[in-house]
Each structure stands twice: as C-alpha cells, then as structure tokens.
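Structure first, then comments.
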Amino acid sequence: MAENTIPITRSSMPSIEEYVEKIRPIWENHWLTNMGALHQKLTDELKEKERLSNVSLFVNGHMALELAIQVLNLKGEVITSPFTFASTTHAIVRNGLIPIFCDIDPVTYTIDVDKIEALITERTCAIVPVHVYGNICDVEAIKMIAKKHNLKVIYDAAHAFHVQYKGRNIANYGDMSMFSFHATKVFNTIEGGAIIYQDEKYGEKLERIKNFGIRDEEHVDYVGANAKMNEFQAAMGLCNLENLDVEIKRRKEIAERYDMHLREIEGIQLKTEQVNVKSNYSYYPILINSEILNISRDEVCRRLKEKGIGVRKYFYPLTSEYECFRTMFDKQDTPIAKRISENIITLPLYAELSLDSVDLICKTLLQIIHTKAVA
Ligand SMILES: *Cc1c(COP(=O)(O)O)cnc(C)c1O
C-alpha cells in the first residue's frame, strides 16, 4: 500500500513571518486570552470584511453551536439533517433536545424543505439546517416555515464561510448561524468558531455564556461554559483573513479543473452550482452511481487510497446511525440521505493542491471506474 502522497486536506497557513508579526504584541502585554486586543480586532474585521452585523467568537465551532442553542432557551424537538458532521446532532442532544431527522434534497444534499412541515409537532421548537460543502439550504423556504410555525432557526454554517446568496453573506439568514474556523476549513483560526446573530439582544448572553456566565467580578448570571477564543487563535485568523481572497480563488481553480475532467462522466454526479450563490469551494464531493459504474463507492475509495490519494466518505454514516444514538431515538427514515451517504466521496481540495495533482487524481479515478466497468 502506497503511503498517501496527496492528502485529503492541508491547513492553510500564513508565512511564519506574518504570524510572528501578529503575535509580537502579546510578548509586550502578556494578554493571552479573555477577549484581548486581537480577539477584538478579528471580531471587527469579520464584521467589516464579511459584512456581518453581529459576530461572537468561540474556541471552536461546536461549542459555538452548543451555546447558541442554550442562549435561545429551547425545549423539546428540533428538526435537523442527519447528513452532517457529528457536531450538529451532538449539540442538539447535549442540550437535552430531541433531534427529528428530516430527509435531504438529492441535488444540494441540504435539508428537503418540502419534508419539514410534516415533522412539526406541538413539541417542535426549532430547525437546525446544515449548509453542506458550500451548497446552501433553501433559506427562503425555511424562513417562511419558521415564521408560520413560530420556530427558531440556527444554521450549521460550518462549511459556508464567505458564501454569498443574492449578494449577501449567507450567515444573515436564520436567527443565528455557526461558522467553524477549524484547521481543515476554508478559513481557520487553528481551532475556532463564531456565532452570527440577527437580533442584538442575544449578544450579551452569548458573550457571557462562553465565559462561565460571568457578568462582572461579583455577578454570575448564567450557568455558562468556557468557550473563549484565545489571542493566538485570533492572530492566526487575522493572518488568514488577509489571504482569504487568494485562498478561495485557488480553490475555485481547482474545483473547475475537477469539473473539466469529471463533468461528462456517466455514473458520477458532481456538486451543482446553485442560482444566485457564490460558493466558497470548501469541498469537492462526487456521488458514485454503482449501478452504472459497476463498482461500489467503498471499492473506489479503497483503490484511490491504495494509489496514494486521500479521499473521505464524508458524511458517512448518517449521524442518526451512530452507535451512541441507537437506543435513544426512534429510527427515522431518511432514504435519500442514506443513499447519498453510502455513495459520496470527497476528493482532495486545498489551496496548495496543484492542478497537476488534480489531473492525476482524475486520471486515477477514471482508470479505476473504467477498468472495473469493462471487466
Ligand atoms: C467542522 C464542522 C463542525 C464543528 O466545528 P468545529 O470547529 O470542528 O468544532 C460542525 N458542523 C459541521 C458540518 C462541520 O463540518
């Protein structure tokens, strides 16, 4: 077995000089965490450059989501998608809420808005939809459903940093949106995350709940957690934000190169471009049709890995199929999500990936599926 010569992802980093320049002041003021100057600067720059009105930074995306749900004081059932990373469902369940799994759309892989209303009961308090791979949910339909049934909406926007819909930042939809700034995401702060919220009234509680609920030296208002972003994370974010345009431009070139090779291949479904959406090219998923290609998704993955190409079954399994949930909830049927999760592969995509590597990955992939189809 060849060792992986092309990884699935590679974190974007500034030059070491850029980073050192950003952290130098920390050696003068010894302010390492607790909402220091770099934390403030990153908050301000995100607001300005990403055109967001309210931003609250967190130590990671998961804690941001978990605490955002707490701030909204939800009780009962939450309608969500099982085609996601562990974090989304965990954040719901760790808040004592019951996830109700809605099926997904077979083209965008996001929650199927035509199936939401049938799942609403008197216990439903919120919808937690997930933007997937840089595709966005049908935010307008979700807004209408939420309004009609008086539900809160919190988007898991971990994949959707910088994505625009009709010229606006996607995080301006819903009551709140969570961005992840994890090392593997389009924009990273090493680990990190943010909540973007529409109503200013949530700001104070978000700020306190990530710092033990502390208001001031003598007053503690909430049973909070510790989920503060530190100054070294913020410094990394400030550097990476300066390089964001280059990052996304590179990713777009790579995605277009993949498209060029794979667009016409029968049996492979690509991520389709959505109308009015400016993507961030965060992932490059392909959906394998094993009937047409006469080879299973798992076999394709195994053989790509053998050739030194890092690929991932992402997302597989569905969160609703996790061992830890098996005895907790009634099994809900989401046949489309199941089919997608059993046939999806994400290919390597990161700014430093060369176009030659993309050519090699596609050539190898086509060899694998075609030799098998003929055999
Ligand atoms: C990365 C990710 C998260 C969690 O973010 P962290 O910053 O790693 O805690 C949540 N949801 C989705 C869909 C993700 O991809």
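The values are calculated or read from the model by the stated rules, or taken from the named source; none is laboratory data. Just so you know, these numbers come straight off a predicted model, no measurement behind them. Using ideal geometry, Cβ is built from the backbone for each residue, glycine included, and neighbour counts are taken over all protein chains shown. When the accessible area is computed, the model is the full protein with side chains, heavy atoms only, and any ligands, DNA or RNA have been set aside. Shrake-Rupley method; radii C 1.70, N 1.55, O 1.52, S 1.80 Å.
Remarks
- Qualifying residue in region 307-319 (condition: modelled with pLDDT of 95 or more, open to solvent by less than 40 Å² (accessible area, probe 1.4 Å) and in a helix (DSSP H, G or I)): yes
- Checking each residue in region 72-107 for being open to solvent by less than 10 Å² (accessible area, probe 1.4 Å) and more than 21 Å from K313 (Cβ to Cβ) picks out V78, I79, A91, I92, L97, P99, C102.
- Qualifying residue in region 220-240 (condition: touching a Lys or Arg at 6+ places or on another chain (Cβ under 8 Å), closer than 28 Å to M13 by Cα and surrounded by fewer than 18 Cβ atoms within 10 Å (Cβ to Cβ)): yes
- Condition check for D359: more than 25 Å from the chain's Cα centre (by Cα) and under 21 Å from A255 (Cα atoms): yes
- Scanning region 156-170 for residues that are touching an Asp or Glu at 6+ places or on another chain (Cβ under 9 Å) and within 14 Å of the ligand (Cβ to nearest atom) yields one hit, F161.
- Unmet criterion (only one of (1) crowded, with 16+ Cβ neighbours inside 10 Å; (2) more than 16 Å from the ligand (Cβ to nearest atom)) for S180: (2)
- Checking each residue of region 131-154 against the condition of being surrounded by 24 or more Cβ atoms within 10 Å (Cβ to Cβ), away from the ligand (no atom under 11 Å from the Cβ) and under 18 Å from S56 (Cβ atoms) gives at least one match.
- Screening H261 on (1) surrounded by fewer than 21 Cβ atoms within 10 Å (Cβ to Cβ); (2) closer than 18 Å to K49 by Cα shows it passes everything except condition (2).
- Hey, C125 surrounded by 17 or more Cβ atoms within 10 Å (Cβ to Cβ) and either modelled with pLDDT under 95 or more than 16 Å from the ligand (Cβ to nearest atom) (or both) or not: yes
- In region 320-361, residue farthest from F85 (Cα to Cα) [restricted to those that are of a type outside the set (A, V, I, L, M) and crowded, with 19+ Cβ neighbours inside 10 Å]: P348
- Subset of region 131-172 (residues that are assigned to a loop (DSSP other than H, G, I, E, B) and farther than 21 Å from Q70 by Cβ): H131, G134, I136, C137, D138, H159, A160, F161, H162, V163, K166, G167
- Taking first residues from region 158-173 that are of a type in the set (D, E, K, R) and partners that are not in a helix (DSSP H, G or I), the Cβ contacts under 6 Å between residues at least 6 apart in sequence or on separate chains come to K166/N276.
- Conditions (1) out of contact with any Lys or Arg (no Cβ under 8 Å at 6 or more places or on another chain); (2) farther than 20 Å from V78 by Cα; (3) basic (K, R); (4) more than 16 Å from the ligand (Cβ to nearest atom): number failed by R297: (1)
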